[in-house]
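Beneath this line is the structure, given in structure tokens, with notes to follow.
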Amino acid sequence: MALVELYLVRHGLAGDADPSRDDRMRPLTRAGIRRTRAVAKRLRALGLHFDELLSSPLRRARQTADLLHSVGLCARPTESKYLAPGGDFDAWVRWLKRWRRHGHARLALVGHMPDLGEWAERLVVGEVRQRWVLKKAGVLGLTLPAAGTPVGRCSLFLLVPPRYLV
């Protein structure tokens, strides 16, 4: 198996949470759409293209994934329950193992904090320390090992807030 680049992308700026509304349906703000589109265009200008993009089923994450798709960073995004808040990391690792058998090289995940930070910590450090923060529309890049479990064996090569991309 070849090395895989994994990109974790936090959804863009969304409206404020409102306890009287279903948080799963909270959309990106106009500013969130603009900034996320600018980040997506910059990533594309840097030559990135994802073999696959998985997105949380929450609206703000799906909108972010659609913006990444709209600039040509990936084929149509796929919704994944693993990326919903509190998603199942271990089930995703099993999915990743199957995905890698197809020889893919770049995978992007669009999700939420604190989950993305915790997943990155598990992949690099091997445990959750709740210290890594990914800004809204920020991007974190990891290199996964060529074989075996990725947990505690990945290398961080990118951690950038959106302000450095736009």
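Values quoted throughout were computed directly from the atomic coordinates according to the rules given, and no laboratory measurement underlies them. These numbers come from a predicted model, not from an experiment. Glycine also receives a Cβ, built like all others from the backbone with ideal geometry; neighbour counts cover every protein chain displayed.
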Practice task
Could you give me the radius of gyration and the Dmax of the stretch 51-166, taking only the C-alpha atoms into account and expressing both in angstrom?
Solution key: 13.5, 36
Completion exercise
Calc'd 3J(HN,Hα), the stretch 157-166, phi into Karplus 6.51 cos²θ - 1.76 cosθ + 1.60 (θ = phi - 60°), Hz, glycine/Pro = x, comes to 10, 7, 8, 9, x, x, 4, 8, 9, 10
Fill in the blank from the handout: Per-residue ellipticity at 222 nm attributable to helices in the chain (runs of n ≥ 4 DSSP H, -39500 (n - 2.57) apiece, nearest 500 deg cm²/dmol) works out to -9500 deg cm²/dmol
Completion exercise
The residues Tyr7, Tyr164, sorted from fewest to most surrounding Cβ atoms within 10 Å, come out as Tyr164, Tyr7
Completion exercise
Restricting to Cα pairs under 8 Å and 6 or more apart, the percent relative contact order of the stretch 4-164 works out to 29
Handout entry: Within the stretch 56-92, backbone nitrogen closer than 16 Å to the virtual label 7 Å beyond the Cα of Thr149 toward Cβ
Key = 89-92
Exercise for the section: Enter the angle in degrees (range 0 to 90, nearest 10) between the Cα long axis of helix 89-100 and the first principal axis of the Cα atoms of the chain, meaning the one along which they spread out most. Expected result: 60
Exercise for the section: Quote the FRET efficiency, to the nearest 0.05, computed for His49 versus Leu156 with a Förster distance R0 of 22 Å and r equal to the Cβ-Cβ distance. Expected result: 0.60
Fill in the blank from the handout: Here the stretch 39-116 gives, from Cα atoms, an Rg and Dmax in Å of 12.4, 33
Exercise for the section: Exposed loop trypsin sites (Lys or Arg not before Pro) only (DSSP loop, at most 13 other Cβ atoms within 10 Å): please give the longest stretch of the chain free of them, not including the sites. Expected result: 22-100
Problem - Cα centroid separation - the stretch 125-140 against the stretch 1-51, whole Å - result: 15
Completion exercise
Here, Ala105 and Arg131, labelled 7 Å along Cα→Cβ, have an inter-label distance in nm of 3.3
Completion exercise
Going from the fewest other Cβ atoms within 10 Å to the most, one would list His11, His112, His102 as His102, His112, His11
Fill in the blank from the handout: Rounded to the nearest 10 degrees, the helix 30-45 long axis (Cα) sits at an angle to the longest Cα principal axis of the chain of 30
Exercise for the section: May I ask you to list the lysines whose Cα is less than 19 Å away from that of Lys41, ignoring any residue fewer than eight positions away on the same chain? Expected result: Lys135, Lys136
